[in-house]
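So the structure is just underneath, and the comments pick up after that.
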Amino acid sequence: MGRADRNDPRWNVAWDWVIRQHEQQPLTESARAELTQWLKADPANFENYQQAHRIWQAAALALWLATKFSSGPLVN
Amino acid sequence: VSNDRQRQDLQAAFIEHRHRLRQAAQRIVGNRHLAEDVLQSAYLRITDASVHLAIQQPVSYCFQVVRHLAIDQSRRRALEAQFFAAEFEGHAVPAPQTSPERTVIDGQLLALIEETLARLPARTRQAFILYRIDGMTQRAIAEQLGVSPTLVNFMIKDAIEALKQCRDPTES
């Protein structure tokens, strides 16, 4: 795992969707349709979205574990 | 007993009883692979602790550490499972192929993200916790932290930008 290209449009769009889902729960019907269309348009879209979603989940897990166990690099 | 001598005694006890130690770990964590992880952590812990503690019974101490770490790992895994169950309840991802099983988080990714988040300024991390874990709006976070919504927006963006750098280039 390493540095990502900040200018990769596909990666940025994937993240925009992940954040939008976080902020608008649930997504509107039209937004869901738009996301589904984007995911189906290209397998690379889906891969990018899936990876962004995994990082987003892992971030929550890391923060949650830090608060549960009060240990690790996130507790200082 | 000198520290060096004590360390040698502990290492010797650990190596001599490693099979039984692994069995003890396996009974708690459920499989050999996880038991090996516990054993590795225990070895590091035992070597480190020998500098600070006067240990009378090295073998008992080794078993005690292995059991403690195995229980800790089991608890952690149970909590992780609980977390994922809650996280996915009602938050279905609108893609037919996506399921919790496909959103497996490996230890390497988790460690990278922990390091990434740990490098953020404390206030940025606090704002991000309120946003990500507590689900607060940026306006509410601003009120709680006593800063402007614009600053909160920048802090959240910084945290997200840092996470975006955790991408695995071999995956996509």
Select from region A:35-55 the residues that are of a type in the set (A, V, I, L, M, F, W, C) and more than 7 Å from chain B (Cβ to nearest Cβ) and write down the one among them that is nearest to B:Leu110 (Cα to Cα). A:Ala52
Condition test on A:Asn12, is it surrounded by 17 or more Cβ atoms within 10 Å (Cβ to Cβ) and either modelled with pLDDT of 80 or more or within 7 Å of chain B (Cβ to nearest Cβ) (or both)? no
Residues of region A:18-44 satisfying the condition of being under 16 Å from B:Ile156 (Cβ atoms) and in a helix (DSSP H, G or I): A:Val18, A:Ile19, A:Arg20, A:Gln21, A:His22, A:Glu23
Note on B:Met136: of the conditions (1) in a helix (DSSP H, G or I); (2) under 16 Å from A:Gln21 (Cα atoms), unmet is (1)
Is at least one residue of region B:108-126 of a type in the set (D, E, K, R), in a loop (DSSP other than H, G, I, E, B) and either loosely packed, with under 13 Cβ neighbours inside 10 Å or out of contact with any Phe, Trp or Tyr (no Cβ under 6 Å at 6 or more places or on another chain) (or both)? yes
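The values are calculated or read from the model by the stated rules, or taken from the named source; none is laboratory data. For clarity, every value in this text was computed on a predicted model and none was experimentally measured. Reconstructed Cβ throughout: ideal geometry from the backbone, glycine too, with neighbour counts over all protein chains shown.
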